[in-house]
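To start, the structure under review is shown below, and the notes come after it.
Throughout, read-outs are computed from the coordinates displayed, never taken from laboratory work. Just so it is clear, the model here is predicted, and its values are computed rather than measured. Counting neighbours? That spans all protein chains shown, and the Cβs are built from the backbone with ideal geometry, glycine included.
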Amino acid sequence: MGLMVSSPTGNWYHLNEPLQLHDQVLDFPLVIERRDRFSMSFAELELVQMAFQDVFIVYGDMRLKQQQLRMRTVDMPDMVELHFSLSGKGIVENHINKKSYFFNPNQHNMMYVPEFDGTANYSKNEAYLFFELHFKSSYFLELVQNTGKTLEKFGEQIVLKKSANATEDYMPISLQMHQCLKDIMNCKFSGKLKFLFLQAKSIELLSLQAAAIEQQQQKSTIKSCLTTSRDRDCILYAREYLLQHMSNPPSLTELAAAAGTNTFKLKNGFKELFDQTVFGYLTTVRLEQARTMLGSGSSIKEVSAHLGYSSVQHFSTAFRKQFGISPGRL
């Protein structure tokens, strides 16, 4: 994607030339990849870009030295964006379609923005980590056929070339989505294998997001226990607090107090947002971390102790229940 940013003095910087998406991939490298670092008087930015047939991926880390940034896109192909905010908060205003986009940590949405020219407001010197997966609109429409009413309506707006979000409310990034994002960012393959891997993971991520969107719309017909935005923020904070204290997790009462809510809203709100109980979620996160550590060469004993299990046997039983194999077979 061609992205330009403006300095406080009005000088425009072209951060990158858009990577080409080729229809006949046999004539070009299967995956085009580029890593860039930009250091400007008003911002620090690191970007990783990957492009292959009908798909463009960009992720990175942005830190502003001023609160507001002027931005515009150029040479934009007609694409649909799957956006994942990993950390940091921001508000983006598009002066063309008069819409605002609110980005909060650990949230995602699906959007179609044919043109962008506007401002981005972020906290100064705070890292904003993001991941974007873009599909060519024609390919996206082909992939999401018959996936549900919400995406059907979203697709109608794409056909009409109208800016739209798949859902009004941004949703929490699930554990499965986090794992898929990590798999893409840590891909070690090259050549044809890299192309096949990234293609499969891109469609997997789209499937996970599409399922979450449809599920969210179904839940909207059921009365929520999270009646205010503060209620929702409390649950999101509870999740972050829980992950920060994985080795010595708090009780439900302690977690509710830390998040500024009560145990009823914590239990029911957590289940509503993440489709798991509080400690079911914690168990899943710990075991995913265990699988990563084992894959990196750590011993079963080391992993068990690091994650706070009372014994290797207890850890092995939980691991086998989660993944269907014993940790020693990885």
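The GNM of the chain, with springs linking C-alpha atoms under 10 angstrom apart, assigns the highest mean-square fluctuation among VAL312, VAL31, VAL303 to VAL312.
Charged side chains reduced to their Cβ positions (Lys and Arg at +1, Asp and Glu at -1) give the stretch 229-329 a dipole of some 300 debye around its Cα centre.
Oblate is the label for the stretch 147-290, because the ratio a/c of its alpha-carbon gyration tensor axes (a ≥ b ≥ c) is 1.5 or higher and a/b is not greater than b/c. With neighbour counts taken as other beta-carbon atoms within 10 Å, the residues THR119, THR284, THR167 rank, fewest first, as THR119, THR284, THR167.
Membrane-span-like helices in the chain, defined purely by DSSP H runs whose alpha carbon atoms cover 24 Å or more axially and whose average Kyte-Doolittle hydropathy reaches -1.0, are 191-219, 278-295. GNM remark for the chain: springs join alpha carbons under 10 Å apart, and the peak mean-square fluctuation among PRO105, PRO249, PRO172 falls on PRO249.
The share of C-alpha pairs in the stretch 142-204 whose separation exceeds 14 Å stands at 69 percent.
Counted residue by residue at 0.36 nm each, then reduced by the alpha carbon distance between them, the extension gain from PHE102 to LYS321 reaches 75.0 nm. Across the stretch 24-88, Cα-Cα pairs more than 15 Å apart make up 66 percent of the total. Here the spin labels are modelled as points 7 Å beyond Cα on the Cα-Cβ line, and at LYS153 and VAL74 they lie 3.8 nm apart. Stretching the chain fully between GLN313 and ASN125 yields a gain of 63.2 nm (0.36 nm per residue, less the alpha carbon separation).
Computed over the stretch 38-184, the convex hull of the alpha-carbon atoms projects to a mean area of 8.8 nm².
Electrostatic tally near ASP183: other residues with Cβ closer than 15 Å to its Cβ, Lys and Arg +1, Asp and Glu -1, net +3.
Each Cα pair of the stretch 254-330 feeds into the Kirkwood radius, which the Stokes-Einstein equation turns, at 4 °C and 1.567 mPa s, into a diffusion coefficient of 95 µm²/s. Computed over neighbours whose Cβ is under 11 Å from that of PRO77, the net charge equals -2, Lys and Arg +1, Asp and Glu -1. With the helix formula -39500 (n - 2.57) applied to DSSP H stretches of n ≥ 4, the chain reaches a computed 222 nm mean residue ellipticity of -12500 deg cm²/dmol. Counting only other residues whose beta carbon sits under 15 Å from that of THR253, what net charge do I get with K and R as +1, D and E as -1? Around THR253, the charge tally is +1. Using a cutoff of 8 angstrom between alpha carbon atoms and counting only pairs six or more residues apart, the relative contact order for the stretch 229-329 works out to 20 percent. Given H placed on each backbone N at 1.01 Å, which residues far from THR167 in sequence or on other chains put an amide H within less than 5 Å of it? Excluding prolines and chain starts, which carry no amide H, the hits are MET110. Normalised by residue number, the volume inside the convex hull of the Cα atoms of the stretch 245-297 is 75 Å³ per residue.
Each Lys and Arg adds +1 at its Cβ and each Asp and Glu adds -1 at its Cβ; summed about the Cα centre, the stretch 2-219 shows a dipole of about 460 debye. Within the chain, the proportion of C-alpha pairs whose separation exceeds 24 Å stands at 61%.
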